[in-house]
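Beneath this line is the structure, given in C-alpha cells, with notes to follow.
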Amino acid sequence: MLVDAISSSLPMSVGVALSPLPLAAILIILMSARAVINAPAFLLGWMAGILTIGLVVSLMPGLLTARGEPSQLSGLIRIALGVALLLLAGRQWRLRPGPGVAVKVPRMLTRLDSLGVMQSLVTGFLLSAIHPKNLILNAAGAAAIDANLLDSGTQYIALVIFTLIASVGIIMPIAAYLISRRVVGAMLGRWRDWLIRNNVHVIVVLLLILSTLLMARGLRILLT
C-alpha cells in the first residue's frame, strides 16, 4: 500500500531533509543578490537528484522474491547501507574540529553567493544525488518503497512524496524568503551560522540513528 511505502521510507526522507550542508547552502543562496532565481534552481536540482536515485533503485532486479516479500538481497543491501552510514559517521567524527578550533566553512559554501542559475541547479543535484550521506539515504528510501510491491504508477507517486518530504528543509526557507524577505533575512543568517558550526554533530547523530534503523530492518529480513 502507498501508506506503508511512505511510512517505511519516512526515516530516510526525514534524514535527507535535515541535512545541515544543503540547508546551509540554500540559506547562503537566499542571502545572495540573485536569490529569487538561484534558489528555485537549486531546489529543482535537489529534487531531480532524489528522483534520479529513486528511479535507478526501483529498476534494480532482485529486491523482491516471487511472493512479493523482501529478498535476502534486499536485507543484505540494507545492512550494507547501514554499515556505510556508520562508517561515514565515524569518519565525520574523526575529522571534527578540536576544542577551541574555528569551524572551517566548506569550500562549496563560500562560492554559492556568486553562482548562476545552471550552477545552482547542478549544485542542488550534486548535494542530493552525489553527496555520500544523501546518496545512501535516498537509495535506502527508494528500496523501502520498492519493497512494498506497488504497481508502477503508485510507486512513482510514492517516490514523488518521498522527494517532497526530503525537500521540506529546502522548500520552507525559500517559501519564507519569498513571503517576507526583510523579516526572515536576519533569521536566515543566524540559522546558517548555527548549521555551519554544528554541521558535524547533527550529521553524526542522524547517521547513527538511520544506520541503526537500516541494519535492524536488514537483519529482520535475513532472519525471517
Taking LEU135 as the residue in question, decide whether it is open to solvent by 60 Å² or more (accessible area, probe 1.4 Å), within 30 Å of VAL83 (Cβ to Cβ), in a helix (DSSP H, G or I) and modelled with pLDDT of 80 or more. yes
Kindly provide the set of residues from the stretch 115-132 that are more than 18 Å from VAL14 (Cα to Cα), surrounded by 18 or more Cβ atoms within 10 Å (Cβ to Cβ) and not hydrophobic (A, V, I, L, M, F, W, C), ordered by number. SER120, THR123
Mind checking which pairs have a first residue in the stretch 75-94 that is in a helix (DSSP H, G or I) and a second that is open to solvent by 60 Å² or more (accessible area, probe 1.4 Å) and at pLDDT 80 or above, Cβ under 7 Å, 6 or more apart or different chains? ILE79/LEU219; LEU88/PRO132; ALA89/LEU208
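The values are calculated or read from the model by the stated rules, or taken from the named source; none is laboratory data. A quick note: this is a predicted structure, and the numbers were derived from the prediction, not measured. Methodologically, a virtual Cβ is constructed for each residue, glycine included, from the backbone with ideal geometry; neighbour enumeration extends over all protein chains shown. When the accessible area is computed, the model is the full protein with side chains, heavy atoms only, and any ligands, DNA or RNA have been set aside. Shrake-Rupley method; radii C 1.70, N 1.55, O 1.52, S 1.80 Å.
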